[in-house]
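First the structure, in the form of structure tokens, and then the observations on it.
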């Protein structure tokens with residue numbers, strides 16, 4: 001994961017030298033692969049996914065915001081992803097393959113390149129913060145995952161294969177009111193609402209040539225997708241007025257709005273499109289004013305602001321003891 005800090009700028013785009021945005025950086029986990037940590041509505045807890053001793057693939061955990069009291073809240077079966085608190089702070093939503101098989105699904109076939117598995121046995125569940133599953137929210141054939149929640153409107157946005165393509169859908173916290181909101185062929189996912197619930201930002205891979213479209217379709221038949229060419233898209237919460245903000249030709253993903261909705265923070269390897277150095281960047285909602293936020297030299301991603309807007313949580317291999325270690329960090333935001 002670790003690259004030299006002084007890399008050539010392989011993707012052309014205007015890049016502003018921003019002020020120091022992060023201070024008082026604290027490491028909340030140590031060892032294993034820890035990622036996608038997201039806040040509880042009161043800012044006192046974080047839900048995250050982790051592969052650690054005793055489990056062969058990701059399970060969902062909750063910890064206090066200071067990194068204490070880690071506890072597993074998923075079933076310990078199958079693979080899980082994308083935990084997020086519901087608006088009451090007493091329940092979480094996450095995706096899991098455990099109903100399909102208690103074992104971890106086989107890893108993606110890397111002979112096809114660097115690909116992600118979009119496992120068809122993923123469905124989205126609601127559980128209490130003590131781990132009791134109380135409801136299954138999706139049951140359409142194929143992949144259903146990547147859920148996040150707007151606590152104001154109580155709508156969930158998620159990625160689903162229900163249409164036969166990797167589209168974004170929304171639904172209520174109880175699973176009612178499902179609505180498909182993207183229709184362009186290609187991958188749409190990793191979406192987040194603005195805090196007022198009026199906007200969405202996500203990552204997308206829309207094949208631009210017949211050859212790219214053929215590859216996308218071929219991979220999707222094998223429940224795979226290639227993530228190394230993704231751009232950031234913003235739209236109204238119903239999917240209307242979608243516009244692509246980046247054109248780096250790289251892997252840009254994990255976008256989130258600043259608390260006031262005036263900026264978007266995201267992760268990208270725009271300094272090394274074919275490499276694995278990912279830093280955090282910030283830009284205006286029209287794609288202008290790109291500013292680099294981190295310069296750690298490895299992999300840094302999955303940012304989210306605390307409910308009071310004063311802190312940023314993120315995942316990084318900063319200071320990792322080995323290549324496959326990723327940890328959760330939190331920092332004060334300036």
- Using Cα centres only, tell me the gap between the stretch 99-177 and the stretch 15-91 in whole Å. 18 Å
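Given contacts defined as C-alpha pairs under 8 Å and at least six residues apart, what's the relative contact order of the stretch 226-334, whole-number percent?
Numbers: 242 pairs, mean separation 18.1, N = 109.
In percent, rounded to a whole number, it is 17.
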- Message: Using 0.36 nm times the number of residues separating residue 214 and residue 109, minus their current alpha carbon distance, what extension gain do you get?
- Response: 36.0 nm
- Proxy reagent accessibility, fewest Cβ within 10 Å first, across 137, 22, 312: 22, 137, 312
- Taking the Cα-to-Cβ direction at residue 238 and at residue 69 and moving 7 Å from each Cα, how far apart do the two end points lie in nm? 4.2 nm
- Note on the structure: Once both label points are put 7 Å beyond Cα along the C-beta direction, the residue 176-residue 323 separation in nm becomes 5.1 nm
- Message: Restricting the calculation to Cα positions, tell me the Rg (one decimal) and the Dmax (whole number) of the stretch 146-191 in Å.
- Response: 10.2, 30
- What are the extents of the Cα atoms of the chain along their three principal axes, listed from largest to smallest and rounded to whole Å? 49, 48, 40
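Normalised by the residues of the chain, what does the relative contact order come to in percent, with Cα pairs under 8 Å and at least six apart? Please list the in-between numbers first.
Details: 934 pairs, mean separation 63.8, N = 334.
Relative contact order of the chain: 19 percent.
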- Task: Provide the percentage of antiparallel DSSP beta bridges, counting only those with both residues in the chain; round to the nearest 5.
- Result: 95 percent
- Message: What distance in nm separates the two pseudo spin-label positions at residue 221 and residue 128, each 7 Å out from Cα along the beta-carbon direction?
- Response: 4.7 nm
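Values in this text are rule-based calculations from the coordinates and carry no lab data. None of the values given here were measured: they were computed from a predicted structure. FYI the Cβ positions are ideal-geometry reconstructions off the backbone, even for glycines, and counts take in every protein chain you see.
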